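The values are calculated or read from the model by the stated rules, or taken from the named source; none is laboratory data. This one's a predicted model, so the numbers in the text were calculated from it and none came from an experiment. Cβ sites come from the backbone with ideal geometry, for glycine too, and all protein chains shown count toward neighbours. In case anyone asks, the SASA skips ligands and DNA or RNA and just uses the protein heavy atoms, side chains included. Shrake-Rupley method; radii C 1.70, N 1.55, O 1.52, S 1.80 Å.
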Amino acid sequence: MAATRTDLHTDLHSDTHPDTHPDTHAGTHAGTHTDTHCPYCSLQCGIRLSAGRGGPELAGREDFPVNRGGLCMKGASALELLAHPERLTTPLARPHRGAELRPVSWDEALDRVVDGITAAQRAHGRDAVACFGGGGLTNEKAYQLGKFARVALGTSAIDYNGRFCMSSAAAAGTRAFGIDRGLPFPLADVAEADVVLLVGSNPADTMPPAMRWFEAGRVRGATHIVVDPRRTATAAAAHRHLQPVPGTDLTLANGLLHIAIRDGLVDEAYVAARTTGFAAVRRQVRRDWPDRVERVTGVAVADLVATVHALARARTAMILTARGAEQHADGTDTVQAWINLALALGLPGRGVGSGWATVTGQGNGQGGREHGLKADQLPGYRKLADPAARAHVAGVWGVHPDSLPGPGVSAYELLDSLGTPAGPKVLLLAASNPVVSAPNARHVAERFGALDLLVVTDFFLSESARMADVVLPTTQWAEEEGTLTNLEGRVLRRRRALDPPPGVRTELEIWHELARRLGRGAHFPTDPAEVYAELCRASAGGVADYAGITWDRLDAGEELFWPCPDPAHPGTPRLFTDRFPTPDGRARFVAVADRRVTERTDGRYPFLLTTGRSRTHYQSGTQTRRSPALVRAEDRMYAELHPELARLVGVGDGDAVRLTTRRGSTVALARLTDAIRPDTVFLPFHWPGANDLTSPRLDPTSRMPEFKACAVAVAAVRPARPAAPPAAVVTTAAVTVPTTRS
Ligand SMILES: Nc1nc2c(c(=O)[nH]1)N[C@H]1C(S)=C(S)[C@@H](COP(=O)(O)OP(=O)(O)OC[C@H]3O[C@@H](n4cnc5c(=O)[nH]c(N)nc54)[C@H](O)[C@@H]3O)O[C@H]1N2
Ligand SMILES: Nc1nc2c(c(=O)[nH]1)N[C@H]1C(S)=C(S)[C@@H](COP(=O)(O)OP(=O)(O)OC[C@H]3O[C@@H](n4cnc5c(=O)[nH]c(N)nc54)[C@H](O)[C@@H]3O)O[C@H]1N2
Ligand code: SF4
Ligand SMILES: [Mo]
């Protein structure tokens, strides 16, 4: 590996750390280092890259307050992917449908893309071209892709994978508090909470370095309670574990609030002074009496009572939700139900160590949802339908407000419409792998097949890229400059430590070239600092105001959280201390009822399937399934089954098991564990197959799909122990990739 790495890259750049040699990219000498951040999750652990003898070396940054040197196995292995033999280093194109992808020049690839865009828009109108982005893109790239759609293409058809991530929490947070910043306080505040309730969140596996703050709290004597159908590593370390039926969190939260009201635990003074709408909620939860809640959720009344009393008695308490509570067809209302509980107990804005928060997931999951990647959104978390917002952003962009398209449809609806008579005919996809990660994924693959032109920008040939007509190779984390916003709303600098392989371009360069060919090149600079400065201007006065978070302040090492309206402003680590950013300054209760939206089990599909993450792999697996270290740790898809369920269907540990839902079927290796509910199967979605099963039913407000609960049939596969991995179990090693350097 090391030899390939030095082949492909010039050595590590000299230090860009402010203490030493700011902004020099010339040197290639040992002993220098660059401080940057991990390519993966929203914790954005600080990473230091140094020039070692055998090539670059990577270490966790002790000076970065979020991880203080800690890294998980994904972050620690991130160097393996930079000079990976499967790295894309030249554009690829298919001469015609059905032909193999083959290397082409940049000019040929870009001309092909622009010809496709022009032909589709001429025949079918501007919305015939769609864009789909990802929460891994830097702030500059997220901003630029949103602008590219509205200004270069003039299309309303743009959305991104954040819709599949935290959109329910974003919608509920905005509805309740007038703002969506995942953690409205620094992560370190977790250590100050006397009670923490984690709902559908498994940071011990999904953000291991974050556990230091939970552990610090426990050492101080804090009580931690986890709500999860599985006894995860997070639940095992907590004091109490509530193990509900998947999809019943809304009833659980309403039930806890019912008990709080019954037992006189509501903070009436806080409710009167800082909120509106409690009367309707109080009426709503009357019917959620404890016995009924126990029947629906499977959580014992004694656990319900103990949980709500612990939260209410605590000096400081937090409720944190993540994907387990949010990825449901009633995800927005479910999050609202947990917010209602937090408000009734007077937690948000009470002070350090209290509140409600959502634990955002992707590297730039927070920034990605602020700068205009979303179908209905303009930079600064502004609304595309708001005339004042349109006028402000059009002014920054140097276009007429009327030239901006209106809001488009959400991610799954967009994917579902591809290639239909009224839908887009061309898709530009960057930083997402929907044929693995979108719900009802086989259907999504069919829609990809119906397009006139699919263009994928990636650094590996993902399953989605493999279906493309044109593939554009781009830079990876350690090869680019930019900013990202982590789960706390803290803005960070990604710094370039290495040169990209020759032939690879940044996305800002790619979009500039496409825009230039469309006659709009002047609007699309390629320097990230310039794009960031424009983003700051576009966000000024918006909810997510970056105007004061200058590139220079970030480079000087200032710790800056948005909103930060001017360069003299210190930023806002903690929100809600005096008021909520709603018109009347109060937080809003909303009465939410159980609409029983979760797909029903029946005789044919008698169990519940839930999906999520393993500690080892990341998302659709494009990156981590190519890491030798991570593949050694876990090389194929597994399904967690309770031994009782396994006995019922005749499956042993390590046997192949077939899972079938109303959408499709897949095979995984059975992993028997009594840590899961006997009526529930858990499947990680890091390999193709899991999303052939999931339901595309959408939340009416956030348009979040129902990833976390659907009805499933479970059957043994005969012969029970296949010699080779079963068909749907795809390991990277088994996949032949049309090579780019043959
Ligand atoms: N190793 C690893 N880490 C990651 C990622 C990764 O892919 N791999 N991805 C990153 C991203 S983008 C995200 S969004 C975060 C996600 O981070 P998490 O939200 O922590 O991860 P998940 O595994 O999706 O879901 C959390 C838990 O929800 C539980 N759950 C399932 N159904 C329900 C339910 O109905 N109710 C409740 N209460 N719980 C339920 C699952 O058992 C699971 O343990 O992780 C980030 N970090
Ligand atoms: N069943 C089920 N499905 C789920 C979930 C679940 O819990 N269960 N979780 C959902 C969630 S929370 C999420 S966030 C999504 C994530 O799912 P995806 O959107 O598929 O996310 P990734 O797998 O991270 O895909 C990123 C792709 O872009 C590439 N990439 C990374 N960085 C860049 C970049 O800067 N530029 C470009 N051009 N490419 C880049 C990677 O190589 C990879 O191919 O999956 C969702 N799907
Ligand atoms: S926890 Fe997240 S940011 Fe930190 S090293 Fe792991 S993947 Fe990277
Ligand atoms: Mo996510």
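Structure above, values below:
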{"item": "Residue-by-residue Karplus 3J(HN,Hα) for the range 203-219, coefficients 6.51, -1.76, 1.60, Hz, glycine and proline x", "result": "x, 4, 9, 8, 8, x, x, 5, 5, 4, 6, 5, 4, 4, x, 5, 4"}
{"item": "Leading residue at positive end of dipole, the chain (Cβ point charges), from PHE580, LEU428, PHE278", "result": "PHE278"}
{"item": "Theoretical ellipticity at 222 nm over the chain - DSSP helices of four or more residues, -39500 (n - 2.57) apiece, nearest 500", "result": "-8000 deg cm²/dmol"}
{"item": "Mean separation of Cα contacts under 8 Å, 6 or more apart, over the residue count of the range 180-358: relative contact order %", "result": "31"}
{"item": "Cα centroid separation - the range 371-432 against the range 40-68, whole Å", "result": "35"}
{"item": "Rg(Cα)/(2.2 N^0.38 Å) for the range 180-358, N = residue count", "result": "0.94"}
{"item": "Around HIS124: net Lys/Arg minus Asp/Glu count, Cβ-Cβ under 10 Å", "result": "+1"}
{"item": "Summed side-chain charge close to ARG626 - residues other than ARG626 whose Cβ falls under 11 Å, Lys, Arg +1, Asp, Glu -1", "result": "0"}
{"item": "Using distinct alpha-carbon pairs, which all enter the 1/r mean, Kirkwood radius of the range 236-327 in Å", "result": "14.1"}
{"item": "Within the chain: Cβ-based charge dipole about Cα centre, in debye rounded to nearest 20 (Lys, Arg +1; Asp, Glu -1)", "result": "1780"}
{"item": "Cα-based convex hull volume of the range 293-440 per residue, rounded to whole Å³", "result": "186"}
{"item": "Theoretical gain in end-to-end length, SER403 to ALA556 [0.36 nm per residue, Cα-Cα removed]", "result": "51.2 nm"}
{"item": "Area of HIS124 that stays accessible when all protein chains are in place (1.4 Å probe, Å², to 10)", "result": "110"}
{"item": "Nonlocal amide H pairs with ARG697, under 5 Å, H built at 1.01 Å", "result": "GLU706"}
{"item": "The range 230-250 and the range 294-350: distance between their alpha carbon centers, rounded to Å", "result": "12"}
{"item": "With eigenvalues of the C-alpha gyration tensor scaled by 5 and rooted, the range 253-305, Å", "result": "23, 11, 7"}
{"item": "List ILE261, ILE225, ordered by accessible area with a 1.4 Å probe, largest first", "result": "ILE261, ILE225"}
{"item": "Burial order of peptide ranges 476-483, 653-660 (average beta-carbon count within 10 Å, highest first)", "result": "476-483, 653-660"}
{"item": "For the chain, fraction of C-alpha pairs farther apart than 42 Å, in %", "result": "25"}
{"item": "Karplus (6.51, -1.76, 1.60) ³J(HN,Hα), θ = phi - 60°, over the range 68-82, in Hz, Gly and Pro reported as x", "result": "6, x, x, 9, 8, 5, 6, x, 5, 9, 5, 5, 4, 8, 5"}
{"item": "Euclidean distance between Cα centres, the range 462-499 to the range 198-228, Å", "result": "29"}
{"item": "Interchain or long-range residues, amide H under 5 Å from THR483's placed H", "result": "ASN139, GLU140, ARG494"}
{"item": "Protection-proxy order for peptides 214-223, 404-413, 335-344, 246-255, each taking the mean of Cβ atoms within 10 Å per residue, highest first", "result": "335-344, 246-255, 404-413, 214-223"}
{"item": "Note, ³J(HN,Hα) from phi for the range 378-392, Karplus 6.51, -1.76, 1.60, rounded to Hz, x at Gly and Pro", "result": "10, x, x, 6, 8, 8, 5, 7, 8, x, 5, 5, 4, 5, 5"}
{"item": "Sorted peptide list for 484-496, 429-441, 546-558, 500-512, criterion being average Cβ within 10 angstrom, highest first", "result": "429-441, 484-496, 500-512, 546-558"}
{"item": "Amide proton proximity set for THR611, modelled H, under 5 Å, gap of 5+", "result": "LEU683"}
